[in-house]
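Visitor: Quick one: the structure is below, and I'll ask about it shortly.
The values are calculated or read from the model by the stated rules, or taken from the named source; none is laboratory data. Treat the numbers as computed from the prediction; the structure is a model and nothing was measured. Neighbour counts run over all protein chains shown; Cβ positions are idealised from the backbone, glycine included. Accessible surface is based on the protein model in full, side chains and every heavy atom, while ligands, DNA and RNA are left aside. Shrake-Rupley method; radii C 1.70, N 1.55, O 1.52, S 1.80 Å.
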Amino acid sequence: MSKDRAEVGNLQNLLSRVGAGLDEFLKFEHPDSLVNKDTWRTALEQPLPQHGAGIDEVTRELVELVIPNGSQVCKPGFTAFITTGATSASTLASTAASIAAPQRYTHTAFNYIEELSLEWLAQMCGLGNMKGIYSSGGSVANLVGLGAARQYAFEKLGHDPARDGVNRTVSVYASSECHHTIQRAGGVLGIGRRAIKPIACDELGRMRVDALQAAIDQDLRDEILPMAIVANAGTTNRGAIDPLKSIGEIAQGHGIWLHVDGAYGLPGILDERLSHFYEGLELVDSIIVDPHKWLGASIGVAATFVNDRNLLERAFTQEPADYLEGSVDDIVTENAQLEHSLDDFGIRYFNYGVELSAPCRGIVVWALIREIGVEGMRERIVRHNDMARELAEFCKQHPRLELLLEPTLSVCCFRYVAPEIGDLDRLNQKIHRRLVRENVYMPSTTRINGQLALRPCFLGARADHPQVDGLIQAVIRIGDALVAEQA
Ligand SMILES: *Cc1c(COP(=O)(O)O)cnc(C)c1O
């Protein structure tokens, strides 16, 4: 076969070669990609190919040069980001969709599963009958939720903001710990980043309800339109869950849209010890969760849920186009009985969000839940929450470790302490650098009440109890060594 023609089959053989390369990667025996960077960069640094190298060579380069020099993020000891390497079920499902369903539309099993998996996800996360739409991540999912909020708030004033633009100043109330994708959504939606009013938090990082009420009262006096309240179900920094019920009652009392950012923490509801934190979800107007965080999906899978998708349609519809609506509508009205999968678009997700062509993400969520069920997800979430608590308890007992924040979910903030060291922030910063370079246990850092904290967030499907002990031992060993070096 000419090397200038793409291979369009032979997947059994090719995927098994890539699969073997990935299995090898998952042994985590490769050094970090920067160790051998001169070798792989020299090999990959090619001028624009005028002629193809062929699929064999592409496969070889993937397996030998690219995969082994991939990311540390899916290592069991990596706890810095709230993202995680995909599980096998997720990888299988997204691979299948890339060929068998290049679009999520028309009457196919994929379009059906897109909806079914949204229903499962809603049920699993305590959202009842809320209706969903997938998108690429928490950033877009928050944008979609706030787009619905904007539509709701302006329609009440007889104005269509999606069609005519926003015509007055609004406020969105979010805790000072909210994820900054909320601010960006404000920018994109034309209300401005500054419309996001930071509301003070208590010592655990939860929105203060009295401060929220005061901010709303002030805006009402100033004739600024309260557009939405954004509450967190698991902040990125600390895993804090805002008092959803009290916030929901305020929202309801004023007729303000309540959006909840549960990108990381919504699945925490599966841990029955924590379910009281999630009371009030029935008062929510829109809410997001990222399956690519705690649920183990490949990156690029988030979901927004609302009570009424018609509102999303008004917020996000394009003007009708000949190449979309015109291409099938008349067939469907003539044929009450659908006879071909292309007779109809199926569920028109393109009207509910900001993407037209998009991968089938539901198949990934379907595969994840189908593989281990709700009980399997619960086991993982409880395990990770337990890991944070195990670390917290250890810190309370050990003279050289200090717990800086009681864990709510699977984030634990702590630091190494030594009476002979004045600048503990700098010491912990150095410990963190060494941890990362050792390339086994990699938390992030943050500040808790002004103090530098080591911040592991346990959530990868591969993360298990031995990583807690390993992290503790590594921090003590490095901390002790740094103290000895300074003595
Ligand atoms: C990760 C995160 C986001 C952003 O999600 P992306 O998938 O990274 O776009 C938003 N909110 C919270 C609370 C998050 O943890």
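Visitor: If packing is taken as the mean number of other Cβ atoms within 10 Å per residue, what is the order of 37-43, 439-445, highest first? Intermediate values should be presented prior to the final figure.
Guide: Numbers: 37-43: 11.3, 439-445: 20.3.
The peptides rank, most packed first, as 439-445, 37-43.
Visitor: Nearest 5 percent is fine: what portion of the DSSP beta bridges confined to the chain is antiparallel? Don't skip to the answer; put the middle values down first.
Guide: Values: 22 of 41 bridges.
Of all bridge pairs located within the chain, approximately 55 percent are antiparallel.
Visitor: Using Cα pairs closer than 8 Å and at least 6 residues apart in sequence, work out the relative contact order for the chain, in percent.
Guide: Numbers: 877 pairs, mean separation 97.4, N = 487.
Dividing the mean separation by the residue count of the chain yields 20 percent.
Visitor: Something else now. Only helical DSSP H runs with n ≥ 4 go in: add -39500 (n - 2.57) per run for the chain, normalise by residue count and round the 222 nm mean residue ellipticity to 500 deg cm²/dmol.
Guide: Theoretical 222 nm ellipticity from helices: -13500 deg cm²/dmol.
Visitor: Specify the inter-centroid distance of region 33-98 and region 235-282, based on alpha-carbon positions, in whole Å.
Guide: 37 Å
Visitor: I'd like to know which of Pro102, Ile133, Leu405 lies farthest towards the positive end of the charge dipole of the chain, counting +1 on Cβ of Lys and Arg and -1 on Cβ of Asp and Glu.
Guide: Of the listed residues, the answer is Leu405.
Visitor: Right, something else. Please sort through the DSSP H helices of the chain and keep those with an alpha-carbon extent of at least 24 Å along the long axis and a Kyte-Doolittle average not below 0.0. List each step's numbers first, then the result.
Guide: Details: long enough: 138-155 (25 Å, 0.43); 362-397 (45 Å, -0.08); 466-486 (30 Å, 0.53).
What comes out of the filter, once short or polar helices are dropped, is 138-155, 466-486.
Visitor: Can you tell me the FRET efficiency between Gln123 and Gln318 if r is taken as the Cβ-Cβ distance and R0 is 25 Å, rounded to the nearest 0.05? List each step's numbers first, then the result.
Guide: Values: r = 31 Å, r/R0 = 1.23.
The computed FRET efficiency comes out at 0.20.
Visitor: Given the whole protein assembly as supplied and a 1.4 Å probe, what does the accessible area of Lys245 come to in Å², nearest 10?
Guide: Roll a 1.4 Å probe over it and Lys245 shows about 80 Å².
Visitor: Ok, one more. Per residue, how large is the accessible surface of the chain? Use a 1.4 angstrom probe and give square angstrom.
Guide: Using a 1.4 Å probe on heavy atoms only, each residue of the chain averages 46 Å².
Visitor: Would you pull out the residues with amide H under 5 Å of Phe78's amide H, same chain only if 5 or more places away, H placed 1.01 Å from N?
Guide: For Phe78, whose amide H was placed from the backbone, the distant partners under 5 Å are Met442.
Visitor: Using the Cα centre of the chain as origin and beta-carbon charges of +1 (Lys, Arg) and -1 (Asp, Glu), tell me which of Ala6, Leu324, Val188 is placed farthest towards the positive end of the dipole.
Guide: Val188
Visitor: Could you tell me which of the pairs Lys75/Lys131; Lys3/Lys75; Lys156/Lys293; Lys197/Lys396; Lys197/Lys293; Lys131/Lys156 are separated by over 32 angstrom between their Cα atoms in the structure shown? Don't skip to the end; give the middle numbers.
Guide: Numbers: Lys75/Lys131 34 Å; Lys3/Lys75 37 Å; Lys156/Lys293 35 Å; Lys197/Lys396 36 Å; Lys197/Lys293 27 Å; Lys131/Lys156 22 Å.
Cα-Cα > 32 Å for Lys75/Lys131; Lys3/Lys75; Lys156/Lys293; Lys197/Lys396; rest within.
Visitor: Another question, if that's okay. Defining a contact as two alpha carbons under 8 Å apart and six or more residues distant in sequence, what relative contact order in percent does region 374-487 show?
Guide: Reported relative contact order: 27 percent.
Visitor: Oh, and also: Over the chain, with every protein chain in place, what whole percent of the accessible area is carbon and sulfur at 1.4 Å, could you tell me?
Guide: On the way: 11760 of 22430 Å².
Solvent-exposed carbon and sulfur of the chain make up 52 percent of the total.
Visitor: Order Ile99, Ile224, Ile287 by their accessible area, 1.4 angstrom probe, all chains in place, largest first.
Guide: Details: Ile99 100, Ile224 35, Ile287 0 Å².
Result, largest first: Ile99, Ile224, Ile287.
Visitor: Hey, another quick one. Report relative contact order for region 197-316 in percent, whole number only (criteria: Cα-Cα under 8 Å, sequence separation at least 6). Please list the in-between numbers first.
Guide: On the way: 181 pairs, mean separation 23.1, N = 120.
In percent, rounded to a whole number, it is 19.
Visitor: Just how many % of Cα pairs in the chain lie over 43 Å apart, if you round to the nearest whole percent? Don't skip to the end; give the middle numbers.
Guide: Details: 27096 of 118341 pairs.
When every Cα pair of the chain is considered, 23 percent fall beyond 43 Å.
Visitor: If you don't mind, another one. Place a point 7 Å from Cα of Ala96 in the direction of its Cβ. Which residues in region 293-309 have their backbone N less than 17 Å from it?
Guide: 297-298
Visitor: Ok, one more. Keeping every protein chain in place, order Ser171, Ser341 by accessible area at 1.4 Å, biggest value first, i.e. largest first.
Guide: Descending accessible area places them as Ser341, Ser171.
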